[in-house]
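Below is one structure, written out as structure tokens, with a few remarks after it.
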Ligand SMILES: Nc1ncnc2c1ncn2[C@@H]1O[C@H](COP(=O)(O)OP(=O)(O)OP(=O)(O)O)[C@@H](O)[C@H]1O
Ligand SMILES: [Mg+2]
């Protein structure tokens with residue numbers, strides 16, 4: 001599979017002036033400013049395959065937005081390098097802009113005083129999208145995101161959730177292969193969140209877009225991402241599939257099965273132990289470090305035994321990631 005986003009040893013340092021407290025402090029700062037260095041991103045290396053959705057996770061201040069700003073060409077790295085669809089973003093900003101769409105949930109890319117529809121028309125002209133294509137794409141977005149109810153409203157009058165939906169559509173109007181989403185579902189209600197997730201899934205699965213997403217919402221990660229990269233204090237501390245992370249940090253799960261025939265002899269399966277058996281009720285659990293994920297275990301159990309009912313229990317991703325954060329020293 002081809003690589004779409006490639007990040008090698010990427011670092012970004014900020015130099016700031018420390019303000020001393022009080023009037024005397026302010027005067028001293030003026031005469032003799034004290035400088036501080038902030039390593040927002042340090043030596044980060046990862047890649048994203050074409051058509052993959054990767055979640056970039058980490059606590060507040062970890063360096064996620066700074067990383068995305070370098071990949072969208074807004075910031076230049078202090079050292080290291082990055083390529084997005086073959087382009088070095090901070091060296092060829094305009095060329096990069098044609099290949100990417102970006103949404104920063106915290107602020108809009110749309111024109112504050114214009115109705116949404118006019119913003120879309122301006123973007124169509126900027127990116128020289130043929131009219132028929134533009135109309136077809138808007139319709140596709142409207143079908144999932146329900147934009148037409150408010151696209152004649154000025155951006156400044158939209159609610160947060162409406163505005164971010166418009167931003168999402170705006171970011172994809174020129175059909176970019178790569179999409180950066182920095183907290184795209186911030187402030188959305190549960191129904192709209194689900195709409196946006198469906199939209200993103202559609203964009204990845206049907207349109208083959210590559211997506212790099214940041215979020216603090218683990219349900220979102222669970223629904224959308226197969227792989228996550230975790231950063232903390234600017235450093236990459238974990239890169240793996242959700243399955244690998246679950247196996248490493250959340251190995252507790254149970255498969256509770258009801259056997260069709262209570263007299264069936266039940267035995268352990270590879271990596272799966274029989275924890276309890278009470279007549280037709282059998283509880284399976286992980287056995288050893290190579291235990292399968294709960295979903296693989298479920299598959300093995302129902303392939304091996306005839307069951308009339310089955311249920312699973314697993315640590316939710318929030319717990320698993322909390323453990324991962326703690327073990328990675330992130331909290
Ligand atoms: N322009 C800047 N000047 C100085 N420091 C900055 C600047 N931009 C970011 N930082 C610092 O760099 C660090 C990383 O910030 P960043 O915004 O990338 O974090 P984040 O992972 O996106 O966090 P959050 O989850 O809160 O959005 C923070 O400590 C922040 O204060
Ligand atoms: Mg951020």
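Values quoted throughout were computed directly from the atomic coordinates according to the rules given, and no laboratory measurement underlies them. This one's a predicted model, so the numbers in the text were calculated from it and none came from an experiment. Ideal geometry is used to build each Cβ from the backbone, glycine not excepted, and the neighbour counts take in all protein chains shown.
Along its principal axes, what span do the Cα atoms of the range 3-245 show, with the longest given first and each in whole Å?
Ordered largest first, the range 3-245 gives principal extents of 60, 45, 36 Å.
Compare the peptides 258-270, 196-208, 217-229 by average per-residue count of other Cβ atoms within 10 angstrom and give them in order, highest first.
Highest mean packing first, the order is 217-229, 196-208, 258-270.
Over 5 Å intervals from 0, what percent of Cα-Cα pairs in the range 251-314 sits in each interval?
P(r) over the range 251-314, rounded to whole percents: 4, 20, 36, 26, 11, 3, 0.
Quick one: if you stick a label point 7 Å off each Cα along the C-beta vector at residue 109 and residue 76, how many nm between them?
Those two pseudo-labels are separated by 2.2 nm.
If a paramagnetic tag sat 7 Å from the Cα of residue 296 along the Cα-Cβ line, which residues of the range 226-244 would have the backbone N under 16 Å from that point?
Those under the cut-off are 227, 240-244.
Multiply the residue separation of residue 261 and residue 160 by 0.36 nm, subtract the distance between their alpha-carbon atoms, and state the gained length in nm to one decimal.
30.9 nm
Please state the relative contact order of the chain as a whole percent: Cα pairs under 8 Å, 6+ residues apart?
18 percent
With springs connecting C-alpha atoms under 10 Å apart, model the chain as a Gaussian network and identify which of 236, 30, 173 has the largest mean-square fluctuation.
Taking springs between Cα atoms under 10 Å, the residue moving most is 30.
Would you list 126, 312 from fewest to most Cβ contacts within 10 Å?
Ordered from fewest to most neighbouring Cβ atoms within 10 Å, 126, 312 come out as 126, 312.
Answer rounded, prolate or oblate for the range 120-174, using the Cα gyration tensor with square roots of eigenvalues a ≥ b ≥ c: rounded when a/c is under 1.5, else prolate when a/b is larger than b/c, else oblate.
Verdict is prolate for the range 120-174.
So, in Å, what gap is there between the alpha-carbon centers of the range 146-221 and the range 55-102?
Each part's Cα centre sits 19 Å from the other's.
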